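For reference, the structure is listed below as structure tokens.
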Amino acid sequence: MTNQIFKSAILDFSVSAQNAKANVPQICFNTQDTGGTAKLIVKTKKDDAKLPLSSAAQITLAMRMSVGKEYESTYVVNPVITRRADGIFEYSLTDEQISHDGQANAELYVKYPNQTMQINRFSFVIEKAMIDDNFLPIATYYVEKWDDYEKIFNEKVEILQNEIDDLQGQATELKNTFDSLNPDQFPQKADFENHINNTSIHVTMTDKTNWNAKENTAGSQAKADSALNSAKAYTDSKMDSYGAWINVPLASGYSTGDSSTPQYRLVAKQTSTGLKTFAEFRGAVAGTFISTANSTLATMPSGTRPIVTYYGAAASNNGNGGRIAIPVDGKMLQVSSTDNANPSYISLSGISYEVGN
């Protein structure tokens, strides 16, 4: 087990109607506080006594980071309750979150099966390290639990739909304009020939070159197609949603490899053929792998299994590659390893497939 050093901010909050916005000490992290170094530790009280958190309680932390910047982002996550009896929970900022320099506004909630209560609102600062001066994070909207925040997603979808409707309206208006053109308003052939044969009217080669450089039908169509594709890509990316990472249900005899917990998550993506769900994996599995026979590492639960059998290469600790197979029944099989070299663990990172059942 590796030693870890944390830069912890300890917050004491009293839950009451008079103290919804707490006066907290100045908290300052740095964009180089990576690997979970930056940690928020919260101790809650009620009526000057520790607020116990039952097994039914769930903590939610909403953070708006890089406030006022072009890459301002929102994260809604669930801190880990470390000591329920004492009302203590904590959350370590991810590398993506810590990259959002500037002011961060945060709000805590405790949720029970039939009620939700705000705990406190507070803020902190993330300073940009000199080494990160030329780095700009990406604007992100991340929600860890879909069930509680469907309304937020629907609001975003409604905004995007309004933008699409506006673009459709502009396209319809242009079509009506072209359809309303009357051929009679243009010069007839005889008039046109009289014009071009008029020797008193001439243009220079420079004028002709300038005219040829103007927009044409092909160029206009290319720009229109590019704008439409960009709009589709933008709306599709906004409708993608990412589930929480879940531990892979390993079979007996297998465990975490290289201190990297084997996990998967479900990702809903808007594709050209509609909304599809994919499974992504990370981490490593340790155990005994036989190069000449299949080894069942785990069985994926229903709702996360591939639509067709997945085959893929997998890296290992001894540098010898292998193959992973996941049939439609969800069994994760280590099919083979090269040179008959049996590794002590293999990596799951890079495995991704469309979910079918």
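I'd like to know if region 85-93 contains one or more residues that are surrounded by fewer than 17 Cβ atoms within 10 Å (Cβ to Cβ), in contact (Cβ under 8 Å) with a residue 12 or more places away in the chain and outside any loop (DSSP other than H, G, I, E, B). Lay out the reasoning, then the answer.
Within region 85-93, the first condition is being surrounded by fewer than 17 Cβ atoms within 10 Å (Cβ to Cβ), and the residues that meet it are 85-86.
Subsequent filtering for residues that are in contact (Cβ under 8 Å) with a residue 12 or more places away in the chain retains 85-86.
Going one step further and asking which of them are outside any loop (DSSP other than H, G, I, E, B), we end up with none.
For region 85-93, residues surrounded by fewer than 17 Cβ atoms within 10 Å (Cβ to Cβ), in contact (Cβ under 8 Å) with a residue 12 or more places away in the chain and outside any loop (DSSP other than H, G, I, E, B): absent.
Out of L160, L167, L136, which single residue is of a type in the set (A, V, I, L, M, F, W, C), assigned by TED's automatic domain parsing to the domain that holds Q32 and modelled with pLDDT of 75 or more? Steps first, please.
Working: L160 fails: assigned by TED's automatic domain parsing to the domain that holds Q32; L167 fails: assigned by TED's automatic domain parsing to the domain that holds Q32.
Result of the check over L160, L167, L136: L136.
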Residue ID - farthest from A57 (Cα to Cα), chosen from residues in region 68-84 that are surrounded by 15 or more Cβ atoms within 10 Å (Cβ to Cβ) and over 18 Å from the mean Cα position of the chain (by Cα): K69
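Residues that are surrounded by 18 or more Cβ atoms within 10 Å (Cβ to Cβ) and either among the hydrophobic types (A, V, I, L, M, F, W, C) or touching a helix residue (DSSP H, G or I) at 6+ places or on another chain (Cβ under 9 Å) (or both): list the strands (runs of 3 or more DSSP E) wholly contained in region 238-311 that include at least 2 such residues. Write out each step before concluding.
On the way: elements: 263-271, 274-282, 284-286, 295-299.
By residue number, 274-282, 284-286, 295-299.
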Members of region 323-341 found to be surrounded by 17 or more Cβ atoms within 10 Å (Cβ to Cβ) and at pLDDT below 85, listed by number: Q334, S336, S337
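Please find, within region 94-126, the residue that is surrounded by the most Cβ atoms within 10 Å (Cβ to Cβ) out of those that are within 12 Å of D33 (Cα to Cα) and of a type in the set (D, E). Give the steps one after another, and end with the answer.
Applying the first criterion (within 12 Å of D33 (Cα to Cα)) to region 94-126 yields 94-101, 126.
Narrowing further to those that are of a type in the set (D, E): 95-96, 101.
Working: D95: 13, E96: 15, D101: 23.
Taking the candidates together, the pick is D101.
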Residue within region 61-69 that is part of a strand (DSSP E or B), in the same structural domain as K128 (by TED's automatic domain parsing) and among the β-branched types (V, I, T) present: no
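The values are calculated or read from the model by the stated rules, or taken from the named source; none is laboratory data. Just so it is clear, the model here is predicted, and its values are computed rather than measured. Quick reminder, even Gly has a Cβ in these numbers, built from the backbone with ideal geometry, and neighbours come from all protein chains shown.
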